[in-house]
Structure formats: structure tokens, C-alpha cells
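Step one of this worksheet: look at the structure below.
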Amino acid sequence: MWKKWTDRLHLLQTLTPAKIFNLLQLMLSYRLSKYLRRPLHKGFPAAISIEPTTACNLRCPECPSGLRSFTRPTGMLQAELFKKTIDELQKQLIWLTFYFQGEPYLHPRFTELVHYAHECGIYTATSTNAHFLNDENARKTVESGLSQLIISIDGTTQETYQAYRVGGKLDKVIEGTQRILSWKKQLKSATPHVIFQFLVVKPNEHQIEEVKTLAKKLGVDEVQLKTAQIYDYRNGSPLIPEQSRYSRYARQADGTYQIKNPMENSCWKMWHSCVITWDGKVVPCCFDKDAHHTLGNVAEQSFAHVWRGEAYQRFRQALLHSRREIEICRNCTEGMKIFEA
């Protein structure tokens with residue numbers, strides 16, 4: 001438990017008066033927008049996700065990267081574009097996630113980008129399948145100042161792990177984790193906060209207690225149980241777990257499934273965060289994996305122009321009016337993703 005509090009203290013230490021004031025502006029404008037049903041907006045995002053790359057070495061069945069099913073262009077984030085965006089947002093930005101689709105460590109300058117954001121006083125996080133955490137990358141990760149490292153480990157045996165992480169090797173995940181923890185110790189670093197993230201699906205739900213035991217044995221800081229997003233869920237899926245608390249979907253009397261979340265005409269994410277793809281497209285959130293709702297491009301415009309632009313305001317207005325009419329919102333399970341183990 002104390003490791004979680006150390007991580008939260010690290011986050012608090014990144015706050016400045018300007019960031020706190022910006023967050024208060026976001027919260028107030030969001031509440032007023034909900035009440036008035038029109039998009040009033042003050043401030044800049046407190047959190048963003050940036051996509052280092054769409055490339056991935058695995059073939060996970062519910063992932064566009066794994067399925068190679070993108071309709072948008074694929075590629076690698078340019079360092080100049082990244083630094084331009086961070087320079088514009090650093091005074092207000094609290095949290096930066098280096099992840100959207102793809103495996104971040106396939107980007108050849110990934111730890112350099114992390115270090116740049118860290119030097120700007122931003123809390124940084126990423127999610128990895130850990131197959132590229134060789135000794136050099138593990139050392140560079142710790143030296144970069146990365147605040148939080150989420151390691152996907154969806155099974156405690158190779159057979160179970162590869163049922164979802166198709167093409168993956170569990171021993172590589174464990175070895176990569178050990179290297180990170182070893183370098184943290186050698187460099188006397190409190191960061192990154194290392195999290196084992198266990199995506200609970202039917203093939204692995206019997207190993208929940210085992211992954212907690214494994215994490216404790218290795219010295220991992222935290223275990224999180226993540227519920228799975230299923231694209232074609234209405235008629236059920238072999239991935240939907242039997243333990244309903246770990247499912248985003250509820251079985252109905254007729255045998256079909258529905259999302260548990262109520263569909264309210266509001267969304268905090270549209271006020272405080274966004275996602276930026278590798279080529280600069282700004283999209284509303286992580287559910288828009290194929291960038292169908294591109295609201296601007298920071299490779300062509302300033303972020304402020306996009307964030308306050310007509311396209312973004314129209315999207316916020318549409319959401320406040322009728323969220324069910326927005327395609328990416330119909331499979332939104334925000335707030336049902338993570339259980340702390």
C-alpha cells in the first residue's frame with residue numbers, strides 16, 4: 001500500500017499553481033456545460049495520451065494493432081512534433097500517457113521522448129507488453145524519469161497468457177519486469193511505479209490470485225485487474241468472463257449482452273483530456289481507435305486552435321445533446337476499466 005502512496009505523492013509533486021488553476025477552470029466549465037447543456041470551456045487539457053507508434057509485435061484479438069485492421073495511416077511519432085506539442089501544453093499538463101495503439105518500445109527514441117516530458121515536470125506513464133525490456137531499455141527507462149510503467153501480463157502460464165496475447169512469451173514479460181526492478185534498485189530510483197495489469201477474460205479469470213502471488217514474488221509495486229472491451233459483444237463472446245464483476249457487459253434475459261454503464265449526455269474526458277495520434281491527429285478519447293472523429297491536427301495547427309476550434313465545440317455540443325448518436329460513445333465503458341487488486 002505504501003508504494004501506491006509514494007506514487008501518488010510523486011504525482012502531487014508535479015503540480016504547480018498554474019496546473020491547479022487550470023484544473024479548477026476545467027472542472028467549473030464542465031459543470032456549467034452540463035447544467036446549461038451547451039459547451040462552455042476554459043483551460044487546456046490536464047491529461048493527454050500521445051501515440052508513439054501503431055506498430056506491435058503481438059496479435060491480440062480485440063486490438064486494431066494486433067489485428068492489423070486500421071483504416072487510418074500507420075507509423076511512428078516524430079520527435080519534433082512531440083516536443084512542439086509538449087512545449088505548448090507543459091504549463092497546464094499534469095499527466096501524459098505514452099500510449100494509444102501499438103507497442104511504445106518499438107519507437108527507437110521512446111525513452112528520449114519520456115525524458116523530455118519528465119524534464120518539463122509532467123507525470124509520465126506508459127503501457128507495454130514488456131517484450132522489448134532488454135537490459136539497455138530497462139536502464140534507459142529508469143534513467144528517463146518515467147513515472148509509471150504498466151506491464152500487461154494476462155496469464156501466469158504460457159498457455160493461458162498466449163490465449164489473448166497471441167504471439168507473446170510469458171518468460172519475456174517476467175524477465176523484462178525483473179530487469180526494470182533490478183535497475184530501479186541499482187540506480188536507487190523510486191520510479192517508475194511498476195504495475196502488473198491483468199486483463200480479465202474468460203480464459204484467464206481462474207488465475208487472478210496467481211498473478212497477485214507472482215507480483216509479490218517479483219517485487220512489483222501494484223496489481224490492477226482490467227476489464228476487457230469487446231467490440232462485438234451483443235451476442236456474447238468467448239472472452240467475456242463468467243465473474244460478472246470483471247465484465248463491462250451484463251447478460252440480459254434473452255441471452256444478449258448490454259453495456260453496464262448508463263449512457264448519460266455528458267463526458268468529463270471531453271473537457272480535461274484528449275488523444276493525439278502518431279501523425280498529429282487530435283481525437284476525443286481512447287475509444288476512437290481508428291480516428292474517425294478527427295478534430296484537428298497539431299502537425300498543421302497549434303493545439304490551442306484545435307482545442308478551442310469549431311469542430312471540437314460541435315463534438316462537445318453533440319455529446320451534451322445526444323451521446324447515443326455518437327458511434328464511439330455507444331461502446332463506451334469509461335469508469336468500468338480498472339479494479340485495484
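Here is a yes/no grid of residues against (1) aliphatic (A, V, I, L, M); (2) within 22 Å of the chain's Cα centre (by Cα); (3) at pLDDT 90 or above:
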{"position": "Gln243", "(1), (2), (3)": "no, no, yes"}
{"position": "Met270", "(1), (2), (3)": "yes, yes, yes"}
{"position": "Ser302", "(1), (2), (3)": "no, no, yes"}
{"position": "Gly309", "(1), (2), (3)": "no, no, yes"}
{"position": "Phe315", "(1), (2), (3)": "no, yes, yes"}
{"position": "Met336", "(1), (2), (3)": "yes, yes, no"}
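Looking at the stretch 107-120, is at least one residue basic (Lys, Arg), open to solvent by 10 Å² or more (accessible area, probe 1.4 Å) and under 23 Å from Ile276 (Cα atoms)? Yes, some residue in the stretch 107-120 is basic (Lys, Arg), open to solvent by 10 Å² or more (accessible area, probe 1.4 Å) and under 23 Å from Ile276 (Cα atoms). What single numbered condition from (1) farther than 16 Å from Lys3 by Cα; (2) modelled with pLDDT of 95 or more; (3) of a type in the set (A, V, I, L, M, F, W, C) fails to hold for Leu181? So Leu181 meets the others, but not (1). In the stretch 44-70, of all residues being of a type in the set (S, T, N, Q) and either modelled with pLDDT of 80 or more or open to solvent by less than 30 Å² (accessible area, probe 1.4 Å) (or both), the one that is nearest to Thr14 (Cα to Cα) corresponds to Ser49. Scanning the stretch 227-242 for residues that are in contact (Cβ under 8 Å) with a residue 40 or more places away in the chain and crowded, with 18+ Cβ neighbours inside 10 Å yields Thr227, Ala228, Gln229, Ile230, Tyr233, Leu239, Pro241. Only residues that are open to solvent by less than 60 Å² (accessible area, probe 1.4 Å) and acidic (Asp, Glu) were counted in the stretch 122-175, giving 1.
The sole residue among Ala125, Ala117 that is under 29 Å from Thr213 (Cβ atoms) and of a type in the set (Gly, Ala, Ser) is Ala125. Annotation: Arg245 fulfils all but one of (1) open to solvent by 40 Å² or more (accessible area, probe 1.4 Å); (2) not in a helix (DSSP H, G or I); the unmet one is (2). Scanning the stretch 280-330 for residues that are of a type in the set (Gly, Ala, Ser) and touching a residue at least 40 places away in the same chain (Cβ under 8 Å) gives Gly280, Ala291, Ala299, Ser302, Ala304, Ser322. Taken over the stretch 79-117, residues that are in contact (Cβ under 8 Å) with a residue 40 or more places away in the chain and not in a helix (DSSP H, G or I) amount to 14. Contact map, the stretch 44-60: first residue free of Cβ contacts under 8 Å to residues at least 60 places away in the same chain, second residue part of a loop (DSSP other than H, G, I, E, B), Cβ cut-off under 8 Å, separation 6 or more or different chains; pairs are Ala55/Thr74; Ala55/Gly102; Ala55/Glu103.
The values are calculated or read from the model by the stated rules, or taken from the named source; none is laboratory data. Everything numeric in this text was worked out from a predicted model, so none of it was measured. Every residue, glycine as well, gets a Cβ built from its backbone with ideal geometry; the counts of neighbours run over all protein chains shown. Surface areas here come from the heavy atoms of the whole protein model, side chains and all, with no ligands, DNA or RNA. Shrake-Rupley method; radii C 1.70, N 1.55, O 1.52, S 1.80 Å.
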